[in-house]
């Protein structure tokens with residue numbers, strides 16, 4: 001399958017049309033999707049219509065004109081089922097587009113469908129889905145990572161050149177790593193969250209997944225920018241992310257956090273990272289050790305803050321206005337019973353686990369002991385990154401402590417599953433940093 005950049009060259013040379021490209025990807029999906037299960041929803045007739053409309057309107061200078069893009073199932077697409085891979089949102093069709101989807105449509109991208117995911121982005125394996133698990137295209141007995149597992153697996157399998165994911169604590173970066181593609185969590189505020197169904201509002205961010213760094217940059221450049229409908233959006237110019245890709249890395253300083261290598265990292269991951277560091281050194285990058293002293297508190301801090309925000313955000317799903325409503329409620333005035341049964345039937349085990357944990361840490365008598373203290377520790381972790389990035393231009397770390405694990409291997413042990421995110425959850429950004437200066441990038445892939 002062609003990359004987005006290659007498709008653009010073919011379009012400019014008038015060697016292909018969007019309808020031909022659409023048919024190629026439809027055939028690929030029909031051939032491989034039954035094995036991989038990367039999609040929550042798709043309709044080939046909808047894809048063909050978009051391609052036909054593009055041909056009628058004629059070509060555009062946009063770098064994504066005629067390029068297929070898959071959308072994660074928690075990003076609203078007007079009139080298309082958007083369910084967060086959860087029964088609680090069964091049948092929900094948003095009446096509006098997310099800002100990023102609107103930008104893709106205006107750019108002339110062809111939306112292929114909705115990518116499978118862990119329910120409400122709760123997971124690291126794409127097994128917590130009401131549609132069933134997605135499989136890693138490199139080894140169908142293994143997970144693709146999560147929660148954006150469908151997006152990453154589809155790109156890796158050649159079912160789409162580009163996909164949108166969302167990342168709260170690693171949900172783009174970890175599946176990109178497991179599937180061998182490029183994934184990036186943009187700085188908080190760089191991409192509008194309007195139309196993203198919220199997990200943890202202070203941490204969620206929409207980002208790109210692609211087969212190459214250049215394609216990742218093209219997609220990010222298209223969806224980035226200020227949005228007045230998102231109060232956390234950063235009002236700063238969108239720079240050319242493709243310019244300079246061929247300029248080399250000589251002269252950069254790269255930090256390696258010593259606390260990320262204290263044990264528990266799989267030998268294969270350690271060896272791969274050492275090879276990457278050696279290659280960077282050959283290319284002229286100065287590599288030095290830095291300290292992130294509060295790393296050990298990242299997991300508990302994240303799982304207090306993220307679950308607390310999830311509990312609050314998911315309280316709106318009650319079976320009243322949209323989505324699943326229980327049919328087993330007795331006669332008479334049984335509103336509370338309807339709430340309870342609808343949520344019990346609609347949410348899966350992992351969603352319930354996180355809602356219960358989040359409700360607990362926000363409850364009377366525990367708020368300050370858990371949530372309030374976690375906010376303070378998050379500030380210390382942020383400070384670690386700020387101090388490290390005063391000395392170096394970027395950080396190189398593992399994305400996951402292990403390679404892709406087998407399907408079902410960690411489903412019965414939530415704590416082990418949560419530890420899969422140990423190297424990705426610690427990146428905390430505050431939207432007000434945009435008003436001071438553009439922060440340096442933390443490289444995770």
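What follows is calculated from the coordinates using simple rules that are stated; it is not laboratory data. Just so it is clear, the structure is predicted and the values come from calculations on it, not from any experiment. Methodologically, a virtual Cβ is constructed for each residue, glycine included, from the backbone with ideal geometry; neighbour enumeration extends over all protein chains shown.
A few comments on the model shown:
- Residue tally, condition within 20 Å of residue 41 (Cβ to Cβ), surrounded by fewer than 24 Cβ atoms within 10 Å (Cβ to Cβ) and in contact with a strand residue (DSSP E or B) (Cβ under 6 Å, 6 or more places away or on another chain), over segment 133-151: 0
- Checked against the criterion of being in contact (Cβ under 8 Å) with a residue 60 or more places away in the chain, touching a helix residue (DSSP H, G or I) at 6+ places or on another chain (Cβ under 8 Å) and at positive phi, the candidates 76, 84 yield just one match: 84.
- Conditions (1) in contact (Cβ under 8 Å) with a residue 60 or more places away in the chain; (2) assigned to a loop (DSSP other than H, G, I, E, B); (3) under 12 Å from the mean Cα position of the chain (by Cα): number failed by residue 125: (3)
- Test: residue in segment 277-288 that is surrounded by 15 or more Cβ atoms within 10 Å (Cβ to Cβ), on the phi < 0 side of the Ramachandran plot, touching a helix residue (DSSP H, G or I) at 6+ places or on another chain (Cβ under 8 Å) and outside any helix (DSSP H, G or I): yes
- Long-range neighbours under 8 Å by Cβ, at least six apart or interchain, first residue at positive phi and in contact (Cβ under 8 Å) with a residue 24 or more places away in the chain within segment 310-323, second exposed (fewer than 12 other Cβ atoms within 10 Å of the Cβ) and assigned to a loop (DSSP other than H, G, I, E, B): 323/91
- Matching residues, segment 39-64, being touching a residue at least 12 places away in the same chain (Cβ under 8 Å), part of a loop (DSSP other than H, G, I, E, B) and out of contact with any strand residue (DSSP E or B) (no Cβ under 6 Å at 6 or more places or on another chain): 43, 59, 60, 62, 63, 64
- From the list 186, 208, the one residue that fits, being free of Cβ contacts under 8 Å to residues at least 40 places away in the same chain, touching a helix residue (DSSP H, G or I) at 6+ places or on another chain (Cβ under 9 Å) and either crowded, with 24+ Cβ neighbours inside 10 Å or in a loop (DSSP other than H, G, I, E, B) (or both), is 186.
- Taking segment 152-183 as the range and being without any contact (Cβ under 8 Å) to a residue 60 or more places away in the chain and out of contact with any strand residue (DSSP E or B) (no Cβ under 9 Å at 6 or more places or on another chain) as the test, only 180 passes.
- Condition check for residue 108: surrounded by fewer than 24 Cβ atoms within 10 Å (Cβ to Cβ), in contact (Cβ under 8 Å) with a residue 12 or more places away in the chain, in contact with a helix residue (DSSP H, G or I) (Cβ under 7 Å, 6 or more places away or on another chain) and more than 29 Å from residue 345 (Cβ to Cβ): yes
- The single condition among (1) part of a loop (DSSP other than H, G, I, E, B); (2) crowded, with 24+ Cβ neighbours inside 10 Å; (3) touching a strand residue (DSSP E or B) at 6+ places or on another chain (Cβ under 8 Å) that residue 81 does not meet is (2).
- Among the residues of segment 88-100, not a single one is in contact with a strand residue (DSSP E or B) (Cβ under 8 Å, 6 or more places away or on another chain), closer than 25 Å to residue 418 by Cα and not in a helix (DSSP H, G or I).
- Of the candidates 387, 350, the single residue that is under 23 Å from residue 423 (Cβ atoms) and surrounded by fewer than 16 Cβ atoms within 10 Å (Cβ to Cβ) is 387.
- Helices (runs of 4 or more DSSP H) fully within segment 310-396 counting 3 or more residues that are under 25 Å from residue 259 (Cβ atoms): 373-391
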